[in-house]
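The block underneath contains the structure these notes are about, expressed in structure tokens.
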Amino acid sequence: MRCTVEGCPWPDDPHIPWCGGIPDHAHTNVATHQHLPKKGMGGRNPKSKIVALLCPAMHDLVDNGTRYKNEVIERERRRFYRLWEPAKDHHEESWALIWRQLDDRTPVTARSPDADIRRVDTSLVRYLQEGPGLDQDADDAGGLREYGDDLPELDRLCRRGMALLYGAYRLKGLEDNWRWEMGDWMIDCESLMGEEAYQYFVPFRRDSAMRQYLWVAQSVLPGNRTELSWSHHRAVAHLPPQGQAAWLSSATAEGLTSAELAGLLRPSGERERKCCKP
């Protein structure tokens with residue numbers, strides 16, 4: 001049966017609620033239209049558009065509760081409906097309770113880290129050195145085109161790099177996760193471009209900090225990364241993997257700070273000099 005609701009994006013498709021796989025709600029197979037932004041009292045918000053099909057119970061929980069949130073988000077020039085639980089650590093499509101691609105004309109409601117980035121200039125160096133020239137014609141940017149078949153991968157790395165740079169500018173201090181992300185991004189750039197990659201690292205931080213991010217990410221593989229701070233991992237980065245795991249486990253069990261852990265791993269002669277007063 002054709003849907004006669006005005007503005008329904010799927011009038012000829014069967015209306016099956018998208019929330020059937022979400023536990024802990026009184027799910028039924030009755031579909032209701034979810035609007036974003038909310039229609040408001042009297043349904044008079046002209047900007048409100050139908051973006052999802054939810055059962056009545058989930059519709060009420062999203063609109064009137066605090067457990068769930070939903071939005072229309074843009075990724076890689078495509079638009080998606082996302083429903084997630086803020087109390088849990090969702091990573092967009094990997095962990096979202098609902099992640100469904102929408103029509104490209106659906107209005108975006110989320111403010112994403114790269115919301116101001118509308119295009120990827122194929123010369124990241126020019127972008128970083130001259131500022132956000134987002135309206136430049138990519139065809140006149142020659143910096144990365146010499147890599148030929150690697151260009152799609154380079155575009156992806158450029159997008160990651162610009163998002164990281166925006167994050168650095170907006171934060172007052174560097175978060176541990178940002179340091180890990182930066183180190184891993186540098187590894188990927190090195191793997192693809194070799195020494196050419198280093199020209200793209202210049203705008204982020206001073207050389208000594210960048211070298212540390214890269215060194216720690218190279219030395220402490222993802223399997224050895226724990227909930228402890230990045231500084232804890234820096235303290236053990238010079239050890240072999242088994243030694244890293246053992247010391248990080250001990251630091252967790254004993255509640256050691258990163259400074260205490262680094263002190264225990266410092267050569268004995270240096271520890272004695274640190275303890276002696278001048």
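The values are calculated or read from the model by the stated rules, or taken from the named source; none is laboratory data. Source: prediction; values computed, not measured. Glycine also receives a Cβ, built like all others from the backbone with ideal geometry; neighbour counts cover every protein chain displayed.
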Q) Looking only at residues in the range 11-29 that are surrounded by fewer than 15 Cβ atoms within 10 Å (Cβ to Cβ) and either farther than 17 Å from residue 98 by Cα or in contact with a Leu (Cβ under 8 Å, 6 or more places away or on another chain) (or both), which one is modelled with the highest pLDDT? A) 16
Q. Can you name the residue in the range 206-236 that is over 16 Å from residue 184 (Cβ atoms) and charged (D, E, K, R) and, of all such residues, is nearest to the chain's Cα centre (by Cα)?
A. 227
Q.
Against the definition (at pLDDT 75 or above, out of contact with any Leu (no Cβ under 9 Å at 6 or more places or on another chain), crowded, with 17+ Cβ neighbours inside 10 Å and in the same structural domain as residue 245 (by TED's automatic domain parsing)), how does residue 179 come out, yes or no?
A. yes
Q: Give the range 191-208 a look and list any residue that's in contact (Cβ under 8 Å) with a residue 24 or more places away in the chain and out of contact with any Cys (no Cβ under 9 Å at 6 or more places or on another chain), or say none.
A: 192, 193, 199, 202, 203, 204, 205
Q) Among 264, 239, which is in a helix (DSSP H, G or I), over 30 Å from residue 77 (Cα atoms) and modelled with pLDDT of 90 or more? A) 264
Q: Search the range 216-233 for residues that are more than 16 Å from residue 251 (Cβ to Cβ) and pair each with any residue that is part of a loop (DSSP other than H, G, I, E, B) when their beta-carbon atoms are under 8 Å apart and the residues are at least 6 apart or on different chains.
A: 219/237; 219/238
Q) Is at least one residue of the range 94-102 of a type in the set (Ser, Thr, Tyr), under 30 Å from residue 154 (Cα atoms) and modelled with pLDDT under 90? A) yes
